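Notes follow the structure.
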Amino acid sequence: MSLLERLRIKHPILVAPMAGVSTPELAAEVSNQGGLGALGLGANTVETARQQIQATQALTEQAFQVNFFCHESTPLDSEANQIWIDHLQVEFEKFGATAPSELKCIYPSFKDNDDFLNLVLETAPQAVSFHFGIPHQYQIEQLQQAGILTMVSATNLTEALEIQEAGIDIIIAQGIEAGGHRGIFNAQIDGAIKTSDLVQLIKKHCSCPVIAAGGIMNGQQANTMLKLGADAVQLGTAFVQCKSSNANAAYRAALFNHPLTQITSSISGRPARGIINHWQSRIDQTNRPNVAPYPYAYDLAKQLNALAVKNGDSGYGAFWAGSNVSQIRELEARDLINQLIVEMNHSQ
């Protein structure tokens, strides 16, 4: 059975499950047009995640995926957090405020307990994907027993081999060009492989279906990945501008007006590619101390951004975007899928 048949989709196109940006409306529009819609639920509570899944199911009868973070949770390290708080104190002072005295673990891991697992088993989406790591073996087995396809992001061959060994159904090959968080299992080790090389490397050594992710903005680029062996492609940045996404006005404007990106770990504590703003230009100095662990650093970044926005400064936003963001087009999800298909058919 082909990957498209397993995912129950018409076209080999997936929208990336972007936490904070994805919506039931965007997911449904992609699914209804023959691609695989997605919900990025890693930043949600169990109840809000359930609401998003049910809202998507009410908007489409087609398949879609849900996504969760699968990182190794870091215990609270007050000393490390305080060093980072002290470093960013000057940024808070620019707006007449004081940095918070403590940081919270705002994003749980799928592996921490079975609350999200039980939610997925209850709502039964077609597929569930994971970022930053692999679920526990018993969690994988329960998902597969329920007939739910499993997918995990790999940024290098070692991760891909671990994913296959764990019995995961599909590997998402996330190249260095991809916007948002790098899916690396170990935040200190990043092979930084471009998508085209990663696809070829994984296809050579693994038998699992491979989805190419990173730097894909049009049908020609999608076809290049398919010719290199990818079974499908996943696009994130291209869909952020859709009216049905949850991106705010400043984020949308930055996509079109400031299309240069850089990877930074200062925002969340893990490397992520986004549009260059205050984080890369002011905070990522060579003498910068170690960033607080993920997701404690993200708690601080969100508080700083909220304060700045209230004072008319959107330069602290986490405007995640891939390296080819300059090729972005102003199209709604349905039209974007159609345009991609036309381009793929004409460039074969």
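Structure summary
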{"item": "Between helix 78-93 and the chain: long-axis angle, C-alpha atoms, 0 to 90°, nearest 10", "result": "70"}
{"item": "The chain - percent relative contact order, Cα under 8 Å, separation 6 or more", "result": "19"}
{"item": "Nearest-ten-degree value, helix 333-346 long axis tilted from longest Cα axis of the chain", "result": "50"}
{"item": "Whole-percent pair-distance distribution, where bins are 5 Å wide, for the alpha carbons of the range 134-275", "result": "2, 10, 18, 19, 19, 16, 11, 4, 1, 0"}
{"item": "Rule-of-thumb Rg ratio for the chain [Cα; 2.2 N^0.38 Å; N residues]", "result": "0.95"}
{"item": "Over the chain: helical MRE at 222 nm, DSSP H runs n ≥ 4 each giving -39500 (n - 2.57), nearest 500", "result": "-11500 deg cm²/dmol"}
{"item": "The range 14-90, relative contact order in percent, only Cα pairs under 8 angstrom and at least six apart counted", "result": "31"}
{"item": "DSSP bridge orientation in the chain - percent antiparallel, rounded to nearest 5", "result": "20"}
{"item": "Cα-based Rg of the range 280-343 normalised by 2.2 N^0.38 Å, two decimals", "result": "1.62"}
{"item": "Rounded FRET efficiency, nearest 0.05, which uses the C-beta distance separating A55 from K227 and R0 of 35 Å", "result": "0.40"}
{"item": "0 to 90° range, to nearest 10: angle between helix 195-205 axis and the chain longest Cα axis", "result": "60"}
{"item": "Overall Cα dimensions of the range 176-260 - principal axes, largest extent first, Å", "result": "43, 33, 21"}
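Read the figures in this text as sums done on the coordinates, not as results from a lab. The structure displayed is predicted, hence computed values, not measured ones. In this analysis, Cβ positions are derived from the backbone assuming ideal geometry, glycine residues included, and neighbour counts consider all displayed protein chains.
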